[in-house]
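What follows is a set of notes on a single structure, which appears directly below.
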Amino acid sequence: MAKYLYNEEAVANLKLGDTSVLDRLVDFESARAAHLQKEHAKKDKRMPLDEAIATFVKDGDIITDGGFSYVRTPHQAFYEIIRQGKKNLQMIGAPNTNQSFFITYGLVTHSHSSYTGAEMRGIDKIYDRALKAGKFTILSEWSHGGVAQGFKAAQLGVPGFFSKQMLGSDLVRYNPYLKVVQHPLKAEKDPSVFVPALYPDVSIIHCHAADKYGNAYIYGPAVNDLAVAAAARKLIITAEEIVPENDIRYNKQGQIIPFFYADAVVEMPFGALPGSMPGCYYWPRQWWEKCMRFGGSSEENNLAFCNEWILGTKNQYEFIEKLGGARWIAEARRQTKAAEADNEDIDFSYDEYTLTHDPGRYY
Amino acid sequence: MRDLNAPANPLETLAYIIAQQIENHSIVYIGTGIPMVAGILAKKTHAPDITLVYESGGQDPIEGDMPWSVGCPMTWRKSPTIMEMSYSFAQSYNGYVDIGFLGFAQVDMYGNINTHMIGKDYHHPKVRLTGSGGNNDLSSLTEKMVLVGLQTPDKFPEKVDFATSVGWLEGGDSRKEAGLIGNGPAAVISPWGVYDFHPTSKRMRVKSLTPGVNFELAQQLTGFELLKPDGDIPETKLITPECLKVIRTEVDPRGVFTTMPS
């Protein structure tokens, strides 16, 4: 591991005593070594989810995900990490919404902050409460674009980017990885922020289809996935379906993650649940409202909610049964197709969950 | 179905005022919520040739229902292309976004934004908020920014508790000297008024006020000294019956973002 000269003001502002906890995220040499050591041959990498998590997620790892908050995010794989009780994890992402599930169980102890919350459904009171209780430490503050550039720099094979984002803001004063530098060619003063390439330990990406080698197809927004697939030391692909390699070669145009990044390929229908999956299923909207409103209202309620849905289910099929089974599947598919104009327009009104009204259904 | 005869509520008024900032033929970077209503309202009324873009990477989607999230299919509905996140901000840097809208929990006298935390101690905030998301990126890069939010003295403090995003920084030329791109914040819109920034000092200044609000009341709702424009303060133009009907029948017929919480 190389030695790093972090932004000292940020280290002091964040009250980080030992900065070695910061190193692996930016350590190119160990990431490249991991990439060289992993299987480069086109081999069958299929395995069950529990084996993939047990093999490739270690205590202390820096984890990131694909998708966007709760769109095509690998929630079911995350829940398996929680069931297996992996500890001392760091999380980074843009957004970084899903760390709160881990923080609830004390499994994520270090957070690289970019955005935590549920948009119109408000701030994440679970994160707020846990921060005040000292249940985790913030290691760095980012904008979405800053994190995206760090991952993209790793994918494009450069030590970092000169960015015009985050300049002058408190993000630079609360992010040890960022330093303000002068444009080396410009005669006049022209500051940029140096954003280093970011190398998480594990990326988990849920995709629409993958072959057994790990060529993985994404439909809809790719967000940061092509970058985090390349950046991570280890990559777990979960896929709605496993298809023959020729299906990828002949039929799947667009955004493909190449097989050599992948360490494990998991067949995982409904792997994004309770998130949405473009082309496949819409959100169980009431689930998220209950998560944020009921879970947000007290730590006891949050734990009861997570215990019921995360520890109380063994897999995605039990999760679907709780959401309403085949009826839920049919409604969720109908809604997502209508949202994409692939169906006649339907009425998107629904019976919202509030603290005084639990509709008891999720579609 | 919504009552078409009811008087306009503050959210509908806000959507209209925001929409008036949008010029035809421009590329508009949109967050969900009221700016989304405003963008589609503008497109259906005075600015039919605008292009809406979203942080999901969605470019020029076909309008549909109100989206449930920035990643909702409604933000990339049959988009000719969907770009990656790093690209979506680069679009602003490279000069392919004309105007963007940002929300805030706090905005200060120089248009700097806080969406991180309320309180004086970072490690022990009164409340922790969402963090930046794309807020900082857009404020750093976009040619013209319009800031939208509620107005109380706590939400309009002299100095924000955490500078998530830079507006005019410390006023004068400080934004440019810090290396930031674009023309900085052009306007702040609250239910009570529309504010701009003094051309040289870059301090917040009243531009127009909602009918019934005078300068003294606006000042009482602000935690720093507001600048007064030369001459009389104009009243903010209120929503027309035609635009109100478009909001209620076409843009947000279910009132997802433009009905008042009960």
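The values are calculated or read from the model by the stated rules, or taken from the named source; none is laboratory data. Since this is a predicted model, take the numbers as computed values, not measurements. Cβ: placed from backbone, ideal geometry, glycine included. Neighbour counts: every protein chain shown. To get the accessible areas, we keep the full protein, side chains included, count just its heavy atoms, and leave off ligands, DNA and RNA. Shrake-Rupley method; radii C 1.70, N 1.55, O 1.52, S 1.80 Å.
Brief remarks follow.
- Between segment A:39-78 and segment B:80-130, the alpha-carbon center distance in angstrom: 30
- For chain A, modelled as a GNM whose springs connect Cα atoms under 10 angstrom apart, the maximal fluctuation among A:GLN335, A:GLN316, A:GLN37 occurs at A:GLN37.
- Convex hull (Cα only) mean projected area of chain A, reported in nm² to one decimal: 19.5
- Share of pairwise Cα-Cα distances greater than 35 Å in chain B is 12 percent (whole percent).
- When peptides A:144-152, A:218-226, B:199-207 are sorted by average Cβ neighbour count within 10 Å, with the highest value leading, the order is A:144-152, A:218-226, B:199-207.
- Where only alpha carbons of segment A:161-239 are counted, the Rg and the Dmax (Å): 17.5, 54
- Extension gain for A:LYS189 to A:LYS322 (0.36 nm times residue separation, less C-alpha to C-alpha distance): 41.9 nm.
- Taking label positions 7 Å along the Cα-Cβ direction at both A:ASN251 and B:THR152, the computed distance is 5.6 nm, reported to one decimal.
- Apportionment of accessible area to carbon and sulfur, the protein assembly as shown, percent (1.4 Å): 52
- Solvent-accessible area buried by A and B, counting both chains, probe 1.4 angstrom, square angstrom: 4700
- Rg/Rh for segment B:1-147 (Cα atoms only, Rh after Kirkwood) is 0.99.
- Counting Cα-Cα pairs of the protein assembly as shown in 20 Å increments starting at 0 gives whole-percent bin shares of 20, 56, 24, 1.
- Mean shadow area of segment B:83-210 over all directions, Cα convex hull, nm²: 8.1
- Residue by residue along A:183-195, Cβ atoms of other protein chains within 10 Å of the local Cβ number 1 on average.
- The share of C-alpha pairs in segment B:70-156 whose separation exceeds 16 Å stands at 63 percent.
- Counts of other chain beta carbons within 10 angstrom of each beta carbon in peptide B:246-259 average 1.
- For residues of B:70-81, the mean tally of beta carbons on other chains within 10 Å: 6
- Projected label distance in nm at B:LYS120 and A:ASN343, using a 7 Å step from Cα toward the beta-carbon: 5.5
- Rounded to whole Å, sorted largest first: equivalent-ellipsoid semi-axes of segment A:307-363, Cα gyration tensor: 24, 17, 8
- Theoretical ellipticity at 222 nm over chain A - DSSP helices of four or more residues, -39500 (n - 2.57) apiece, nearest 500: -9000 deg cm²/dmol
- Excluding ligands, DNA and RNA, the accessible surface per residue across segment B:7-86 is 29 Å² with a 1.4 Å probe.
- Bridge orientation summary for chain B: considering DSSP beta bridges with both residues in this region, about 45 percent are antiparallel.
- Sorting A:264-277, B:50-63 by average packing, meaning the other beta carbons within 10 Å per residue, from highest down gives A:264-277, B:50-63.
- For the listed residue pairs A:LYS189/B:LYS144; A:LYS186/B:LYS228; A:LYS135/A:LYS212; B:LYS176/B:LYS207; A:LYS58/A:LYS322; A:LYS125/A:LYS322, the alpha carbons are over 28 angstrom apart in A:LYS186/B:LYS228; A:LYS135/A:LYS212; A:LYS58/A:LYS322.
- For chain A, the antiparallel share of DSSP beta bridges with both residues in that region comes to about 40%.
- Cα-based radius of gyration for segment A:1-93, normalised by 2.2 N^0.38 Å, reads 1.32.
- Relative contact order (%) - criterion: Cα under 8 Å, at least six apart; region: chain A: 19
- Convex hull volume of the Cα atoms of segment A:142-203, normalised per residue: 85 Å³.
- Low-density loop cleavage sites - trypsin sites (Lys or Arg not before Pro) in segment A:177-219, where at most 13 other Cβ are within 10 Å (DSSP): A:LYS186, A:LYS189
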